[in-house]
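The values are calculated or read from the model by the stated rules, or taken from the named source; none is laboratory data. Just so we're clear, the structure is a prediction, and the values are computed from it rather than from any experiment. Glycine gets a Cβ as well: all are built from the backbone with ideal geometry, and neighbour counts include every protein chain shown. Side chains included, ligands, DNA and RNA excluded: accessible areas come from the protein's heavy atoms. Shrake-Rupley method; radii C 1.70, N 1.55, O 1.52, S 1.80 Å.
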Amino acid sequence: DVSSPKHGKVDPDNMPHVGGNMWAGGTGGRDTAGLGGKGGPYRLDAGHRVYQVSQAEKDAVPEEVKRAAREMAEKAFKQRLKEIQMSEYDASTYERFSGAVRRQVQSLRIILDNLQ
């Protein structure tokens, strides 16, 4: 069951963590920031293979936990904008321009990675 969203512990060795309720950047778990899980406050990619919980499990997360996760994500987003000295308007403008070329940038990254 999910209880309350949190960032989670950061693994100093960046080992892959699957399931559970402890590690930030894990996959397929619950309550912590990561990928493929349920009830976490925001997505956090630590670069590992993603294990996905079912959509039925995600849909079963209580509304109060979803609300708390959204609030925590919004707070973290605003804090990050403050750290990089961006306004919400700047962020939305950046996202609009970035989104228009996202596929091309991804293709270019793949080409450059292969060249290296």
Practice task
Pairs only if they're at least six apart or on different chains, beta carbon under 6 angstrom, first in region 55-81 and among the hydrophobic types (A, V, I, L, M, F, W, C), second in a helix (DSSP H, G or I); list them, first residue then second.
Solution key: Leu81/Ala91
Completion exercise
By my count, helices (runs of 4 or more DSSP H) wholly in region 5-116 with at least 2 residues that are of a type in the set (A, V, I, L, M) are 63-83, 88-115
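Here is a yes/no grid of residues against (1) among the aliphatic types (A, V, I, L, M); (2) within 9 Å of the chain's Cα centre (by Cα); (3) under 20 Å from Ala76 (Cα atoms):
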site: Asp31; (1), (2), (3): no, no, yes
site: Leu35; (1), (2), (3): yes, yes, yes
site: Pro41; (1), (2), (3): no, yes, yes
site: Asp45; (1), (2), (3): no, yes, yes
site: Arg49; (1), (2), (3): no, no, no
site: Ser54; (1), (2), (3): no, no, no
site: Ala60; (1), (2), (3): yes, no, no
Handout entry: Single condition Glu88 does not satisfy, out of (1) farther than 23 Å from Gly26 by Cα; (2) out of contact with any Leu (no Cβ under 7 Å at 6 or more places or on another chain); (3) open to solvent by 70 Å² or more (accessible area, probe 1.4 Å)
Key = (2)
Handout entry: The one condition in (1) open to solvent by less than 60 Å² (accessible area, probe 1.4 Å); (2) not assigned by the TED database to the domain that holds His7 that Ile111 fails to fulfil
Key = (1)
Handout entry: Inter-residue pairs, beta-carbon under 7 Å, first under 12 Å from Gly36 (Cβ atoms) and in region 8-20, second of a type in the set (Phe, Trp, Tyr), 6+ apart
Key = His17/Trp23; Val18/Tyr51
